[in-house]
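Trainee: Please find one structure pasted underneath; my questions will follow.
The values are calculated or read from the model by the stated rules, or taken from the named source; none is laboratory data. Since this is a predicted model, take the numbers as computed values, not measurements. Neighbour counts run over all protein chains shown; Cβ positions are idealised from the backbone, glycine included.
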């Protein structure tokens, strides 16, 4: 069996300049937890997932409890992508949890304590606020380059890739353009339907 036999055809794709807030809405609307990111010509440039939203847009506290580190480099090293369990949305929901959306909307951030600035002076925190994570473009948080496969890739190879890299979806390409997506759910369905034997 090949990737083309199993893939979800015409998957939801995300443009590079889509804002994180719009991405959250799209993931909820489509009941998915990640999508390939494509350029204006439809070529794959990355993948964005709920975890990318959490680690990329929100960052995470450093090991010493200091400042938040944002961006893909902010993801803890030496651990699986699903580390940081307290912030990861409930598995199986297929969409960002209300907690994640609330976090992205800034409700988790502590506001700087009010200070009495001198007359005509701006408060310190007015100049040092973090950018609104909901307004960040997807290109700043996506995982790139994306792991992908061609339509004629054997399903057993896809399983090995997904297992060894601990990823849940592989975009399927034809001439560099996304034509489908194989997810861990597609593999489970194929096993249950008897299309694949374990």
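Trainee: Here is a check on your reading of the model: is residue 162 in contact (Cβ under 8 Å) with a residue 40 or more places away in the chain, more than 22 Å from residue 42 (Cβ to Cβ) and surrounded by 18 or more Cβ atoms within 10 Å (Cβ to Cβ)?
Mentor: So residue 162 fails the test.
Trainee: Among the residues of region 141-159, write down those that are surrounded by 13 or more Cβ atoms within 10 Å (Cβ to Cβ) and in a helix (DSSP H, G or I).
Mentor: Across region 141-159, the qualifying residues are 155, 157, 158, 159.
Trainee: Can you pull out every residue in region 168-198 that is in a loop (DSSP other than H, G, I, E, B), in contact (Cβ under 8 Å) with a residue 24 or more places away in the chain and either within 21 Å of residue 43 (Cα to Cα) or touching a strand residue (DSSP E or B) at 6+ places or on another chain (Cβ under 6 Å) (or both)? It would help to see each step written out before you state the result.
Mentor: So the first thing to find is which residues in region 168-198 are in a loop (DSSP other than H, G, I, E, B), and the list is 168, 175-176, 193-198.
Those still in the list that are in contact (Cβ under 8 Å) with a residue 24 or more places away in the chain too: 168, 176, 195-196.
Selection gives 168, 176.
Trainee: Just to be sure before I move on: is residue 36 closer than 18 Å to residue 142 by Cβ, part of a loop (DSSP other than H, G, I, E, B) and modelled with pLDDT of 60 or more in the structure I sent?
Mentor: no
Trainee: Next up: I need the full set of residues from region 8-31 which are closer than 16 Å to residue 44 by Cα, touching a helix residue (DSSP H, G or I) at 6+ places or on another chain (Cβ under 9 Å) and not in a strand (DSSP E or B), in order please.
Mentor: 12, 16, 17, 18
Trainee: So, one more: Among the numbered criteria (1) buried (at least 18 other Cβ atoms within 10 Å of the Cβ); (2) within 15 Å of residue 12 (Cα to Cα), which single criterion is violated by residue 177?
Mentor: So residue 177 meets the others, but not (1).
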